[in-house]
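First up is the structure itself, then whatever we jot down about it.
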Amino acid sequence: MSQDKQATHEPRDEAAVFHVHGVTKVYQMGEVQVHALRGVDLDLYRGEFTVLLGASGSGKSTLLNILGGLDTPTDGHVFYGGRDLTRATEGELTEYRRDHVGFVFQFYNLIPSLTAQENVAVVTEIAKAPMQPAEALQLVGLGERLDHFPAQLSGGEQQRVAIARAIAKNPDVLLCDEPTGALDSKTGIVVLEALQRVNQELDTTTAVITHNAGIAQMADRVIYLADGSISDVRMNLTKLAPRELSW
Amino acid sequence: MKALDIKLWRELWGMRMQALAIAMVIVGGVSIFIMSLSTLDSLYETRETYYRDHHFAQVFASLKRAPLPLVQRIETIPGVDKVETRVVAYVNLGVTGFADPVSAHLVSLPDRSRGLLNQIYLRKGRLVEPGRDHEVILSEEFAQVHKLEAGDTLRATINGRRKTLTVVGHALSPEYIYQIAPGAMFPDYQRYGVMWMARKPLASAYDMDGAFNDVTLTLSKDSNEQDVIDRLDELLKPYGGIGAYVRKDQLSNRFLTEELRQQETIATVFPIIFLGVAAFLLNVVASRLISLEREQIAGLKAFGYSNFAVGLHYLKLVLMIVGLGILGGIAAGIWMGKGMSNIYMEMYSLPFMIYVLKPKVIVAAAVFSMLVAILGTLYAVRQAAKLPPAQAMRPEPPALYHATLVERLGLQRWFSQPTRMILRHIERRPLKSLLTTLGIAMACGVMMIGGFQEGAIDHMVEVQYSMSQREDLIAIYTEPTSLRSLYSLLSLQGVEHVEGFREVSAKLQFEHRFYRTSLQGLQPDGELKRLLDTDLKVVDLPQQGVILTDHLTELLHIKPGDMLTIEVLEGNRPTVQVPLIGTTKEFIGLNAYMQREALNRLLKEGNAISGALLTVDERYQREVYGDLKDMPRIAGVVEHKSAIQAFYDTLAETVLYFTFVTTLLGGSIAFGVVYNNMRIALSERNRELASLRVLGFERREVAYILLGELGILIMVAIPLGLFIGYGLCAYLAFQFNNDLYRIPLVLGMNVYAFAALVVIISSLISALMIWRNLAHLDMVAVLKTKE
C-alpha cells in the first residue's frame, strides 16, 4: 500500500466513527481458502444504530470482528477515529478493545463460574471510567438477578447480562453479533429493547449483525451484505420500536 | 477480590477431583524426592555426629604384637592427635542352644571407660568393672538375636583357652555400624558379633600383657594423612604391622559409604522419572483444560485483557494445584523420610537418628515442580492466546489430517476406516504420541528395577557360592600351619574333602596405583575354590604369575603380561615382581591368586597353609562344628550356606518392599498416563465419537477407535520400556560397582514379562473405566450444539 493512496483514504467525515476501506479477508480453513470479505467500503457514524443484514456466510461476522479489533483483515484499512486499526500491534488492539469497544456475542460467552454481577465486574475492573456493575444490570432490567450464575438465568437474561457487560465500561461503540440468534422472539424483543435503550440513553454507536430481516426495521441504517460484499445500504426513515417488529 | 480471581477459586472448586488427581502425582514426585534426599542427608548428618561425638578414629592399624612403650613414639609422629592402643582378638564362641559356628571380635576397653577413641554407645546394662575378668558387653544386634541379657553367659575360646563370659550390657560402636565378619559379604548377627572386655583380662588371656595388637589414631587439623600412615607403617613394621589405613578404608565405614552412594543414585533416578512423568501429565491435563476454555479466553481477550493477563490467570490456577501438590508432597515426604530414616537406623547399628531436612531440598522440589508446571501451562496458554479472539470464538476448524506414512506406502487398502482414523490421529500429533509412549515406557522400565535387584543378587550368590566357592566350611588357623594338619581335619567323621590355602595381606602395585588386599595361594587342581572367567569357565592357575579379579585390573590399569609388584605385609615382608597372567570374574571383593606352592616359595617358607576348605556330609555337620570348636589352632569357622540363608531372610523383606514400591510406582505411572490420555482423548473426540454412534456405530466399534490408538502406543511403548529398563538397570549396576562388590546385569525373562504385564493390566483397567464412559456418549447433544 503506497503512502499517497493511503493518504487519500483518511476519514473526511467528522461524524464517522469507523471508516472502512477496501477490506478483504481470506481464511485458511484446513487446506481450503475462504474469501469472507471482498473489498468492503463502509462508514459508521456517531450515535447511529446500524444493522448489518446478510445470510450466513455473507461475511457480516468477519466485518464486525475486524471492526472490534478481534481479527485483522488480509487487505484494506479500518480507521477508528484517526487510528488505523490494521496497523495496530496486538497490544494496541487489546488496549483499543479495553477502552472503546463493547461486545455482545450470539452465544453470550458468559463465564459460567461467575455470577451476573461478577461477569460484568470482569470488564469494569479493567475499564477506565466504568459504571457500577449493578447499574449496568439495572439498565438491562436485571437489577434483581445480580447474584445468579449463568446456569440459573434464561437465555434472554444471559444475553442481557452480556449486554450489561458490554455497556458497563461506557464504550464508544457497541458491536453485537446475532444478539438474538439463540433466542425466541419474545425474549429477543426484550434484548433488543435493552440495546435500543443503551443506544438512545448513552448515545453509543451501535452495530448489530443479524440474518433476521425483521430487526432491520429498528435501525437508523441497514447495510446488506452478500458474498463478502456490500450489496445495498438503506436509510430507515420510519424506525419501529422493538415490540412493533415482526419476527 | 477481583472477578477473575473469584473465577479462579470457583473453577478450582469445580474441578476439585481432577485437581486433586494432578496434585497427587505431584505429591508422589515431591514426596519421593524429599524422602530420599532428606533420608540421605539425615544418614550423613547422623553418621558425622556419631563419629564426632564418639571420637571415631581416623587412622587404623593392626599388628602382631608391640610393647606398650611404642605408644610414645607413635604420639610423636607429626599430625597425630590422640592415640589409643587396644587388644583385639578374633575368637570362637559357644552360645547355648545354637550349634552353628559363631565367631566374634573381642575388643579391649580401658577401665571405667567407653574407650578413648571409637567410644561405645551403651544401650543397656553397665560398663565392665575392673577386676571382674569375665565380664563382656555385647554388640546389640548379636545380643538381641541370641536373646542374651545381663547375667547370661557364653563360652569363648581365646587363644586356645576356654573362658566363660558374663554379659553385663549391650552397646553400639561407630566402628561397627556395619557389622560384618572378616571375609563375609553380608552381616549375619547369629554367627558374628562384637564384644568389649576389660583390657587386663583380655590381654592376659591373649598373651598381650604389656603389649597391644591394634592401634587407632585421630589426627590434628592440618596433618597429612599419607605422611602419618607412612611413618606409622615404618614404626609398626618390626612388630608385624600389616599396614595402616584411613577412615575411608575402614570396613564398616566403607560399606556404609557404598550403601549411601547407592541410595543417592536411587534418590536421584526415581524422583526424576516421577517428576518427569508428572510434568508430562500436568502438561496434558493443563492443555486440555485450557483448550476447553478456548472461548472464555477469547471472550476475555475481546474485553481487552492482554495475553499476559490471560496467561497469568491460568498460570495461577495451575500453580495453585501444583502448590497443593507441593505442600502435600512436603508433608508426605517428611513423614516418609522420618520413617525411612528410622528403618535405616534399625538396619545399620546406629544409636540415634538426626532427621535433617535441608531447605534447599524443599526449594529444589518446589522450584522444579513449579517450573515444570509453568512450562507446561505457558505452552498451552500460548496455544490458546495466540489465536485472534474472533477465530478462537469460532469452533476449531477441522484438524488437518493426512494419509499416514504406512498408508502412503501402499498399505492403505488393508486398513478399515476406523484403523485409518487411529493411524492418522497418532501421526497428526507426533509429539504427544511420542511423549505418551515415553511415559508408558518409563513406567515399564521402572518396574524392572525391583526384579533386577533380586535377580542380580541371586546371580551373585549363585556364581560366588555355587560355582566358585564350593566348600561347606572354611576353617581359619590362628597361625600358618603345616599342610600335614589337613590330615587331622580329614580324619574327622563326616569330612569328605579338604583343601588347604595360604593367605597373606599384600600391597599390590602397578605404576603409581596400588591396592591392599589379600593374596591367596590355592591348590592348583583344587575342586573347592575355583577361579572363573567372564563366561564362567574355570581358569587354570598358572605355575608362575598371578591372577587378579577383573575389576582390580581395571583399578590398577594393568593388563596380562605386565609385571605386578607385590609387597607382602606379613612375615619377612618380601617385595617381588610377578607377571599378571590372567583375570577372574568375581562379584565380591578384589583378590589376587597364585598357586599355593608358588606363594610358599615367595614367602620362603615350607608347605604352610592359613586355613582349609572343607566339604562335609550334611548328616555330620553338627559334629564337625563341635570338633572344630575344640581344636585350639582353629581361630574361626566360616559357613556360607546359613549365612546366605540369613542374608536372604533379611533381604527378602527389603527386596519385597522395594519391588512393591517400584511396582506401585510403575503401575501408577502407567495408569496415570494411560487413563489421563484416554480421558482427554474422550473429551476431545466426544463429538466425533458421539456422531459415529448416531451414524450407527456400536459402542465396541467406537471404543476401537479411541482405545486402538493407545493400544498401538502401548505396543510400541512396551518394547521401548523394556529397553529403557535394561538401560536403567545397567546404569544402576554401573553406579553400584565398587571394590567391595559388583552388581551383575542379569535380567531374566520373568523381569521383562512382569514389567510388561503390569503395564498391560494397568492399561486394561483404564480401558475398562473408559469403556463405561463410552456408554454415556450424548448423541442428542451432538445434533443440537452450535458446532
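The values are calculated or read from the model by the stated rules, or taken from the named source; none is laboratory data. These figures come from a predicted structure and were not determined experimentally. Methodologically, a virtual Cβ is constructed for each residue, glycine included, from the backbone with ideal geometry; neighbour enumeration extends over all protein chains shown. Please note that ligands, DNA and RNA were not included when accessible areas were found on the heavy atoms of the full protein model with its side chains. Shrake-Rupley method; radii C 1.70, N 1.55, O 1.52, S 1.80 Å.
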- request: With respect to B:Thr49, determine if the residue is surrounded by fewer than 18 Cβ atoms within 10 Å (Cβ to Cβ) and among the β-branched types (Val, Ile, Thr).
  value: yes
statement: Listed by range, helices (runs of 4 or more DSSP H) wholly within segment B:671-787 having at least 2 residues that are open to solvent by 50 Å² or more (accessible area, probe 1.4 Å) and among the basic types (Lys, Arg) are B:686-694, B:699-736
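Looking at segment B:76-96 only, could you name the residues that are of a type outside the set (D, E, K, R) and either without any contact (Cβ under 8 Å) to a residue 40 or more places away in the chain or part of a strand (DSSP E or B) (or both)?
B:Thr76, B:Val80, B:Val83, B:Thr85, B:Val88, B:Ala89, B:Tyr90, B:Val91, B:Asn92, B:Leu93, B:Gly94, B:Val95
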task: Test each condition in (1) away from every other protein chain (no Cβ under 14 Å); (2) open to solvent by less than 10 Å² (accessible area, probe 1.4 Å) for B:Lys7 and report the one that comes out false.
output: (1)
- prompt: Any chance segment B:99-117 includes a residue that's open to solvent by 10 Å² or more (accessible area, probe 1.4 Å) and over 25 Å from B:Ser62 (Cα atoms)?
  reply: yes
message: Given (1) of a type in the set (Asp, Glu); (2) crowded, with 18+ Cβ neighbours inside 10 Å; (3) over 37 Å from the mean Cα position of the chain (by Cα), identify the lone condition not met by B:Glu234.
response: (2)
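Would you be able to say whether some residue in segment B:247-258 is among the aromatic types (Phe, Trp, Tyr), under 16 Å from B:Arg382 (Cα atoms) and either more than 14 Å from every other protein chain (Cβ to nearest Cβ) or over 23 Å from the mean Cα position of the chain (by Cα) (or both)?
no
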message: Among (1) crowded, with 19+ Cβ neighbours inside 10 Å; (2) part of a helix (DSSP H, G or I), there is one condition B:Leu664 misses while meeting the rest; what is its number?
response: (1)
message: For segment A:95-212, give me every one of the helices (runs of 4 or more DSSP H) that falls completely inside it and has 3 or more residues that are closer than 21 Å to A:Ser61 by Cβ.
response: A:155-167, A:185-202
- request: Kindly indicate whether B:Ala365 is away from every other protein chain (no Cβ under 14 Å), open to solvent by less than 20 Å² (accessible area, probe 1.4 Å), over 30 Å from A:Phe107 (Cα atoms) and assigned to a helix (DSSP H, G or I).
  value: yes
- prompt: Take the residues of segment B:13-27 that are open to solvent by 30 Å² or more (accessible area, probe 1.4 Å) and within 22 Å of A:His148 (Cβ to Cβ): which is nearest to the other protein chains (Cβ to nearest Cβ)?
  reply: B:Gly14
field: Test set (1) in contact with an Asp or Glu (Cβ under 8 Å, 6 or more places away or on another chain); (2) at pLDDT 90 or above - B:Leu590 fails condition number
entry: (2)
The one condition in (1) open to solvent by 50 Å² or more (accessible area, probe 1.4 Å); (2) farther than 30 Å from B:Glu259 by Cβ that B:Leu70 fails to fulfil: (1)
- request: Specify which of the listed residues (B:Thr157, B:Thr164) is loosely packed, with under 14 Cβ neighbours inside 10 Å and under 25 Å from B:Ile476 (Cα atoms).
  value: B:Thr164
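Being open to solvent by less than 30 Å² (accessible area, probe 1.4 Å) and away from chain B (no Cβ under 11 Å) narrows it down to one residue among A:Ser113, A:Ser58; which is it? Quick ask: steps written out before the conclusion?
On the way: A:Ser113 fails: away from chain B (no Cβ under 11 Å).
A:Ser58 is the lone residue from the list that is open to solvent by less than 30 Å² (accessible area, probe 1.4 Å) and away from chain B (no Cβ under 11 Å).
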message: Go through segment B:287-337 and report how many residues are within 14 Å of another protein chain (Cβ to nearest Cβ), open to solvent by less than 30 Å² (accessible area, probe 1.4 Å) and either closer than 29 Å to B:Ser38 by Cα or hydroxyl-bearing (Ser, Thr, Tyr) (or both).
response: 2
task: Identify the single condition in (1) facing another protein chain (nearest Cβ under 8 Å); (2) over 20 Å from B:Ala390 (Cβ atoms); (3) surrounded by fewer than 19 Cβ atoms within 10 Å (Cβ to Cβ) that A:Tyr45 does not satisfy, given that it satisfies every other one.
output: (1)
- prompt: B:Glu503 passes all but one of (1) of a type in the set (Asp, Glu); (2) modelled with pLDDT under 90; (3) crowded, with 20+ Cβ neighbours inside 10 Å; which number fails?
  reply: (2)
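Which of the following residues is basic (Lys, Arg) and not in a helix (DSSP H, G or I): B:Arg47, B:Arg65, B:Arg73, B:Arg52?
Matching residue, one of B:Arg47, B:Arg65, B:Arg73, B:Arg52: B:Arg65.
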- prompt: Which is over 11 Å from A:Val120 (Cβ atoms) and open to solvent by 40 Å² or more (accessible area, probe 1.4 Å), of A:Gly141, A:Gly181, A:Gly156?
  reply: A:Gly141
- prompt: Out of all the residues in segment A:200-210, is one or more touching a residue at least 40 places away in the same chain (Cβ under 8 Å), within 22 Å of A:Phe103 (Cα to Cα) and surrounded by fewer than 16 Cβ atoms within 10 Å (Cβ to Cβ)?
  reply: yes
task: Search segment B:28-39 for residues being among the hydrophobic types (A, V, I, L, M, F, W, C) and open to solvent by 10 Å² or more (accessible area, probe 1.4 Å), and hand back the single one that is farthest from the other protein chains (Cβ to nearest Cβ).
output: B:Leu37
field: Candidates A:Val122, A:Val101 - the one that is open to solvent by less than 40 Å² (accessible area, probe 1.4 Å), within 11 Å of chain B (Cβ to nearest Cβ) and under 17 Å from the mean Cα position of the chain (by Cα)
entry: A:Val101
- prompt: Would segment B:263-285 turn up any residue that is more than 14 Å from chain A (Cβ to nearest Cβ), closer than 30 Å to B:Arg687 by Cα and open to solvent by 30 Å² or more (accessible area, probe 1.4 Å)?
  reply: yes
message: Go through segment A:126-135 and report how many residues are within 13 Å of chain B (Cβ to nearest Cβ) and surrounded by 16 or more Cβ atoms within 10 Å (Cβ to Cβ).
response: 4
task: Determine, yes or no, whether B:Asp525 is among the charged types (D, E, K, R) and open to solvent by less than 40 Å² (accessible area, probe 1.4 Å).
output: no
- prompt: Has segment A:64-87 got any residue that is buried (at least 23 other Cβ atoms within 10 Å of the Cβ), facing another protein chain (nearest Cβ under 8 Å), in a helix (DSSP H, G or I) and not aliphatic (A, V, I, L, M)?
  reply: yes
